[in-house]
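A quick write-up on the structure given underneath.
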Amino acid sequence: MVKYVRDAILKPLQPPYVQIAMEVVEANLRPRLPDDDGQFRKLIDLICLSWDGDASVRPSFATITYSLKDLQNRIL
């Protein structure tokens, strides 16, 4: 109940992006990704790994950067 009272008081005072960020964190909300047609499987896998709740599973920024550059080179 305390959480609901706190939310009722604080949510109207927060900018919309803060509320969205908190909902993503607390409710594990993620946008629906398109079905894989084979072309974007690696990108979809990278996105899903980046969203993992366990920080030890998420890729480093160096890995993300390398993977995105590799995907870019394959596409272009």
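The values are calculated or read from the model by the stated rules, or taken from the named source; none is laboratory data. Everything numeric here is computed off the predicted structure, so don't read it as measured data. Here the Cβ is made from the backbone with ideal geometry for all residues, glycine too, and neighbour counts use every protein chain on show.
Are there any pairs, at least 6 apart or on different chains, whose C-beta atoms fall under 8 Å, with the first in the range 30-41 and under 20 Å from ASN73 (Cβ atoms) and the second in a loop (DSSP other than H, G, I, E, B), and if so, which?
PHE40/PRO34
Can you pull out the residues in the range 27-52 that are at pLDDT below 80 and of a type in the set (Asp, Glu)?
Answer for the range 27-52, where residues must be at pLDDT below 80 and of a type in the set (Asp, Glu): ASP36, ASP37.
Can you pull out every residue in the range 1-26 that is at pLDDT 75 or above and of a type in the set (D, E, K, R)?
GLU23, GLU26
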